Amino acid sequence: GGWNGRLRTEEEEGRTRAVIVGGGGGGLIAALALSSAGIETHVFEQDEETPEGMPDVDKSRGHTEPLVFSPSCVQLLSQWGLSSLDAKGIKRPDFGGKARSIWFRDLRAFSGRLLRRERWDCVCIRPKDFCELAKEKMQERRSLFNISHSCKVTECVDVSWGAAIVGENGVKEAGDVLIGADGMKSRVRRAIAGENYRDQVFTHGFTQWSGAVEDESSAFRFYDDAIHMYGGKQSCAIVFRLPSNIINWSIIRPTEMEGRNALSEWRSMITSWQLNEDGSVEIPASEVMLLRESFDLFDTDKSGALDMQEVKVAIEQCGLAVSDEDLQGIIAEIDKDGSGEFEFVEFVELVKTLVLRIREAEDAEETAVKLRSEIDGIKLELKARQEELKLAEAKVFELRKAGAQGPLDIEKRAEAIPLELDGLKDDLSKAVKKLERAEAVGKKKQGEDELEWETARKALGQWLRKEDCHEVLRRLVNATDRPQRKVVEDRAVLPSWVLGRMVLVGDAAHPLVPGTLMGGQELVEDARLLLECLSSHSIPAEIPNALVDFSRKRVPSAAYSHSLARRRLQLLCTPGLDWELSSEDEIASILETPSLPLDYRART
Ligand SMILES: Cc1cc2nc3c(=O)[nH]c(=O)nc-3n(C[C@H](O)[C@H](O)[C@H](O)COP(=O)(O)OP(=O)(O)OC[C@H]3O[C@@H](n4cnc5c(N)ncnc54)[C@H](O)[C@@H]3O)c2cc1C
């Protein structure tokens, strides 16, 4: 039987089972690939089901960019089931009108000069639409492809015979292999790399704005059936026209243009620092200069020291809530010379304190998640005991009424239950108190909520004018209801993605910088290689070897794509990249250096 308590049928018993954490593109593509080869897959997704029946991955990822698949990736997807056979029996990709073929039709500088006109036969599809397609496949392969929604996985364990997950609400499931496809902030990655592991987050000095416009009246006909990519003086922009008249745009520009909000990057910097064995904070020598730059940014009146208000901004930019009382406490602790102001040396001490507080808040948040799940469990137990007591009392009443004499087992049980109930109530109130404490420590201030979009939009509009951007791009930005803004960051590729029977795919293993059109392809490559390795070690006992094989082969190629994505981003947004003088070949080499999945073109 499975750990979830359900007895398995004879047919199910012989199959390899994969438990997949995360129902975004990575999880669904892996499920599609593995289930096409007869592997039973069960996806656990934290988001709730949308009315259409799939998780709202667009919402959970906080951006709306489409996934882009190269021709070879499309071919692989069709082999895994997203296809229909034409009359000659040849497999053709069929995305049921949800995807569009794209090509670089107009690739030009903001000044409007056409740089390249070439068909590049890829498809782009919104993650939501991709999930819809996967759902159709799921219905066809019912016993091999399942998804559970509203199930946040809180624990993952590797045991010799398999790997298992525990979710909020007490959901449990085990399989022969556990695939972590749970995105940038992966829970599975922590289980694999160790609870003390902290991601190295790299920011690259850029911010990405993105949004979508419904073009019902075809006001943006200019962007017909194409992907458009612009290189500005210090920025780049990508515009997609998607099915259903949706136009997606995204602009990447230097973070320093964002004014005060540029400082939001500094939280990413300081949270990537490692702690020493004794729990103290180690500031990497290479980042002292950056710290000095942050100090200068916070020092808005350029007095050479931070006053109380400026210190408050620095703390809030870390996402920490700080009351006036709190602030006084921090100042008293650090401001040794009692000047009421922070010079750079004191600022360094402040930063160390902040790093520890952020860690504390993160740990508390995690504890809160576990406690909520524990509380749910106790409540269920309480309800069950209360029901049991009611039934037992009714039974005793019935038996006595029927003339039963002497001690009754059921009566003894009914007498014992109130004690158990007291114990459970006690546990519940302790857990609730612990939760309140954890929530108080973990309470964060959402800096982003404070952002006044109108002000930001004006600033972006003004800047676009300065960049001499194409008129239509400016109109698109103005027509967007609520664009999103994100500091561009990526995380180091983990050196190994495997622990026993647990393995990582997608952004959980190799989050790339955005805006380089490579994410979708990498997901396909993960699934392809994983399937290949699992197929060549088909006995369940050999699965750990298959996963090691996968990680050994995939890590170097993912690291290559990771650095290629960074290079593309830097080149596209570097001031001084001379678009006028660059030859077409140079530009092609920047934009079209093949990442590994693109190489399939040669193979397929
Ligand atoms: C801003 C931005 C722009 C991008 N633009 C493009 C582009 O234009 N073209 C392109 O091809 N790629 C793009 N990418 C990259 C691409 O989107 C990602 O590589 C891809 O979405 C990764 O898929 P994933 O399934 O690994 O992660 P995600 O899409 O993040 O999915 C992870 C899923 O796991 C779920 N989850 C997380 N934790 C848990 C848990 N504990 N329990 C259960 N479920 C959990 C989440 O709800 C989510 O549904 C972009 C990425 C970003 C960040």
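The values are calculated or read from the model by the stated rules, or taken from the named source; none is laboratory data. Keep in mind it's a predicted model, so treat the numbers as computed, not measured. Counting neighbours? That spans all protein chains shown, and the Cβs are built from the backbone with ideal geometry, glycine included. Ligands, DNA and RNA are excluded from the accessible area calculation, which covers all protein heavy atoms including side chains. Shrake-Rupley method; radii C 1.70, N 1.55, O 1.52, S 1.80 Å.
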Heavy-atom accessible area ranking, 1.4 Å probe, most first, across Glu388, Glu216: Glu216, Glu388
Exposure of Arg357 as accessible area (Å², to 10), given a probe of 1.4 Å and all protein chains: 80
Extension reserve of the Val369-Arg465 stretch, reckoned as 0.36 nm per residue once the Cα distance is removed: 30.0 nm
Tyr197 - accessible surface, heavy atoms, 1.4 Å probe, Å² rounded to 10: 60
Difference of contour (0.36 nm per residue) and Cα-Cα distance, Lys185 to Asp376: 66.4 nm
Placed amide H near Lys172: partners under 5 Å, 5+ positions off or other chain: Gly167
For the range 325-449: accessible area per residue (Å², 1.4 Å): 64
Listed residue pairs exceeding 20 Å between alpha carbons, taken from Lys172/Lys430; Lys312/Lys336; Lys135/Lys185; Lys137/Lys185: Lys172/Lys430; Lys135/Lys185; Lys137/Lys185
Solvent accessible area, Å² - Val548, 1.4 Å probe, full protein context: 80
Full-stretch length increase - Ala559, Arg474 - with 0.36 nm per residue and alpha-carbon distance subtracted: 27.0 nm
Per-pair calculated FRET efficiency, R0 = 45 Å: Lys425 and Ala492 via Cβ, rounded to 0.05: 0.45
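Rounded to the nearest 0.05, what FRET efficiency do Ser535 and Ser280 have when you use their Cβ-Cβ distance and R0 = 45 Å? Intermediate results must be reported in sequence, preceding the final value.
On the way: r = 49 Å, r/R0 = 1.08.
So the FRET efficiency works out to roughly 0.40.
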Size of the range 316-406 as Cα extents on the principal axes (Å, biggest first): 87, 20, 20
In nm, spacing of pseudo-spin labels at Glu436 and Glu393 (7 Å Cα→C-beta vector): 2.9
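What FRET efficiency do you get for Lys383 and Arg15 if R0 is 30 Å and r is their Cβ-Cβ distance, rounded to the nearest 0.05?
Numbers: r = 36 Å, r/R0 = 1.19.
Calculated value: 0.25.
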Estimated inter-spin distance, Val157 and Gln200, nm [label 7 Å along Cα→Cβ]: 3.3
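Just add up the charged neighbours of Leu76: K/R +1, D/E -1, any other residue whose Cβ is under 10 Å from the Cβ of Leu76.
Values: positive: Arg528; negative: Glu525.
Once all neighbours under 10 Å are counted, the net charge is 0.
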Interatomic Cα distance distribution for the range 473-519, bins of 10 angstrom, percent: 21, 33, 25, 14, 7, 0
